[in-house]
Amino acid sequence: GHYIRNRYDEKVGRIIKENGRHYSYGKPYLLIYDNGEPHWYYMDFTPGIDEELMVIETKGDFRDKRSKMKIKLFRDQYPGYRLILITEEWNREHIVKQLEGYGKFEIMNFKELDELIGKYKIFKIGK
């Protein structure tokens, strides 16, 4: 096992594992701010899915502009990645409003994530 920061991360990790996938937790991605300042953004999950580049970030809130800007910079600087934000269903509309104008992303609840991860086929070699 490894250290898990919060209960949202715990649930997402369990969903990925129960669907037979591995993942990187807290994988760093280098972001460059408009002023040229570099910053490492540690994405919560990078699932081991060969068919698609995907990162998953669990969020309850985006209170400060810097958190919002990280999402925008990631979106702009890693356009080939599918960015999925996970929150509780009751919080979805709140997150969408907070991130209006900060780039393209998907927002899902835990059930939707389970369905998404489960649709990828797992290829096994041998018996």
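The values are calculated or read from the model by the stated rules, or taken from the named source; none is laboratory data. Because the structure is a prediction, the values reported are computed rather than measured. Don't worry about glycine lacking a Cβ; one is built from the backbone with ideal geometry, like all the others, and counts go over all protein chains shown. The area values use the complete protein model at the heavy-atom level, side chains included, leaving out ligands, DNA and RNA. Shrake-Rupley method; radii C 1.70, N 1.55, O 1.52, S 1.80 Å.
Please report, in debye to the nearest 20, how large the charge dipole of the chain is about its Cα centre when each Lys and Arg carries +1 at its beta carbon and each Asp and Glu carries -1 there.
Numbers: 24 positive and 21 negative charges, 53 e Å.
Around 260 debye, computed over the chain.
On a 0 to 90° scale, report how tilted helix 65-77 is relative to the longest principal axis of the chain, with both axes built from alpha carbons and the result rounded to the nearest 10.
Helix 65-77 sits roughly 60 degrees off the main axis of the chain.
P(r) for the stretch 20-70, please, calculated from all Cα pair distances in 5 Å bins and given in %.
5, 17, 23, 23, 17, 10, 5, 1, 0
Can you tally the net charge around N91? Count Lys and Arg as +1, Asp and Glu as -1, for every other residue whose Cβ sits under 10 Å from the Cβ of N91.
Taking every other residue near N91 into account, the sum is -2.
Over 25 Å between C-alpha atoms is what I'm after, so list which of K59/K104; K65/K104; K11/K119; K65/K119 land there.
Violating the 25 Å limit, Cα to Cα: K65/K119.
Of all the accessible heavy-atom surface of the chain, with the other protein chains kept in place and a 1.4 Å probe, what percent is carbon and sulfur?
Percent of accessible area from carbon and sulfur atoms in the chain: 52.
Taking N as the number of residues in the stretch 1-120, what value does Rg over Cα atoms divided by 2.2 N^0.38 Å take?
1.03
Where both partners of a DSSP beta bridge lie in the chain, what percent of those bridges are antiparallel, to the nearest 5?
55
Determine the per residue accessible area of the chain with all protein chains present and a 1.4 angstrom probe, expressed in square angstrom.
Numbers: 7790 Å² over 127 residues.
In whole numbers, the chain has 61 Å² accessible per residue.
Can you list the residues, at least 5 places off or on another chain, whose amide H is less than 5 Å from the amide H of T58, using H built in the peptide plane?
Long-range HN contacts for T58: D44, I86.
If the cut-off is a Cα-Cα distance under 13 Å, which aspartates and glutamates reach K27, setting aside same-chain residues fewer than 8 apart in sequence?
D44, E57
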